[in-house]
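Peer 1: This is the structure I want to talk about, given as structure tokens.
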Amino acid sequence: MALKLIKLTKEYEKQLCEMIDEWKLDQETNHTNHSPWAIFKNDYHDFDYYLEHLELKEAAKGLVPDSVFFLLDEDRNRLLGAVNIRHYLNDFLLREGGHIGDGIRPSERRKGYATEMIRLALTECKKLGIDKVLMVCDKDNIGSARSIVKNGGILENEFVNSNGNIEQRYWISI
């Protein structure tokens, strides 16, 4: 299977709509989280606006510049997930968010794609000059923790986040 990270273009509008529709239905049914938040913050039905506002180019209102990539299965021409890379950490991200937010669409979970997507994202982090990457996940998200550890993640600590959930903070040296 040929997997790669891509930047979203008009060419992938249909694939994006299918993926987000699936994700939203799963969230309503199973109450799973929307991660990475960056791909859900705007309405994809106005695709041009969505594309223009997918990434933050300059810091604003407590947010830092970021890059958003989508995991593409080239053989099936199917988007499997997305990853949001924050170019640096502010106080909030150092505490709760980390450098990388990632997620795999519900129908493609538990197949090893998150591990591969994180591996590819770490290459993008290196290009941005990030040598030590912080990743954070809910303690009960065992699959996410496994994917982080498989990519060299070392657990630093656990804490209760602003929503009252226990989160784990992992550092990955590139």
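Peer 1: Give me the one-decimal nm value for the distance between modelled label points at residue 76 and residue 7, 7 Å along each residue's Cα-to-Cβ direction.
Peer 2: Taking the simple label geometry, residue 76 and residue 7 are separated by 2.7 nm.
Peer 1: Which entries in 7/127; 41/61; 7/41; 10/126; 111/150 show an alpha-carbon gap greater than 19 Å? Intermediate results must be reported in sequence, preceding the final value.
Peer 2: Details: 7/127 15 Å; 41/61 15 Å; 7/41 17 Å; 10/126 27 Å; 111/150 14 Å.
Exceeds cut-off: 10/126.
Peer 1: Before anything else, pin down the relative contact order of the range 98-174: Cα pairs under 8 Å, at least 6 apart, normalised by residue count, whole percent. Could the numbers behind the result be given before it?
Peer 2: On the way: 104 pairs, mean separation 25.3, N = 77.
This gives 33 percent for the range 98-174.
Peer 1: What distance in nm separates the two pseudo spin-label positions at residue 24 and residue 57, each 7 Å out from Cα along the beta-carbon direction?
Peer 2: Output for this residue pair reads 2.7 nm.
Peer 1: Dipole of the chain, Cα-centred, from +1 at each Lys and Arg C-beta and -1 at each Asp and Glu C-beta, to the nearest 20 debye?
Peer 2: On the way: 24 positive and 29 negative charges, 122 e Å.
Charge dipole, the chain, about its Cα centre: 580 debye, nearest 20.
Peer 1: Taking a ≥ b ≥ c as the square roots of the Cα gyration tensor eigenvalues, with a/c under 1.5 meaning rounded and otherwise prolate when a/b beats b/c, else oblate, which class fits the range 95-174? Display every interim value, and only then the final one.
Peer 2: Values: a/c = 1.82, a/b = 1.11, b/c = 1.64.
It comes out oblate by the Cα gyration axes.
Peer 1: Something else: Would you work out if the range 1-110 is rounded, prolate or oblate? Take a ≥ b ≥ c from the square roots of the eigenvalues of the alpha-carbon gyration tensor; rounded if a/c is under 1.5, else prolate when a/b is larger than b/c, oblate otherwise.
Peer 2: On the way: a/c = 1.57, a/b = 1.39, b/c = 1.13.
Note, shape of the range 1-110 comes out prolate.
Peer 1: Using the Cα atoms as the points, what is the convex hull volume per residue of the range 17-78 in Å³? Before the final figure, lay out each step's value.
Peer 2: Values: hull volume 6.9 nm³, N = 62.
Each residue corresponds to 111 Å³ of Cα convex hull volume.
Peer 1: Note down the relative contact order for the chain as a percent, whole number, built from C-alpha pairs under 8 angstrom at least six residues apart. Working shown, then result.
Peer 2: Working: 286 pairs, mean separation 32.4, N = 174.
Across the chain, relative contact order equals 19 percent.
Peer 1: Turning to a different aspect of this structure: Where in the range 125-167 are there trypsin sites (Lys or Arg not before Pro) that are in a DSSP coil and have at most 15 other Cβ atoms within 10 angstrom of their Cβ?
Peer 2: Listed in order of number, the matching sites are 139.
Peer 1: What value in Å³ per residue do you get for the convex hull of the alpha-carbon atoms in the range 115-155? Kindly include the intermediate steps, with their values, before the conclusion.
Peer 2: Details: hull volume 2.5 nm³, N = 41.
Spelled out: Cα convex hull of the range 115-155, divided by residues, is 61 Å³.
Peer 1: Tell me the carbon and sulfur percent of the accessible area for the range 22-76, rounded to whole percent, probe radius 1.4 Å.
Peer 2: Working: 1620 of 3260 Å².
Within the range 22-76, the accessible surface is 50 percent carbon and sulfur.
Peer 1: Now for a different question. Largest first, what is the accessible-area ranking of 37, 23 with a 1.4 Å probe? Please list the in-between numbers first.
Peer 2: Details: 37 150, 23 0 Å².
Ranked list, largest accessible area first: 37, 23.
Peer 1: If R0 is 22 Å, what FRET efficiency do you get for residue 42 and residue 124 from their C-beta distance, rounded to 0.05? Before the final figure, lay out the partial values.
Peer 2: Working: r = 21 Å, r/R0 = 0.98.
Given R0 = 22 Å and the Cβ-Cβ separation, E is 0.55.
Peer 1: Quote the accessible area belonging to residue 4 in square angstrom, nearest 10, computed with a 1.4 Å probe and with ligands, DNA and RNA left uncounted.
Peer 2: Result for residue 4: roughly 80 Å² accessible.
Peer 1: Still on this structure, please answer the following. State in Å² the accessible area per residue of the range 17-109; use a 1.4 Å probe, count heavy atoms of protein chains only, and round to the nearest integer. List each step's numbers first, then the result.
Peer 2: Numbers: 4610 Å² over 93 residues.
Here the residues of the range 17-109 average 50 Å² of exposed surface.
The values are calculated or read from the model by the stated rules, or taken from the named source; none is laboratory data. Quick caveat: nothing in here was measured; it's all calculated off a predicted structure. So basically every Cβ, Gly included, is an ideal-geometry build from the backbone, and we count neighbours across all protein chains shown. Calculation scope for accessible area: heavy atoms of the full protein, side chains included, ligands and nucleic acids excluded. Shrake-Rupley method; radii C 1.70, N 1.55, O 1.52, S 1.80 Å.
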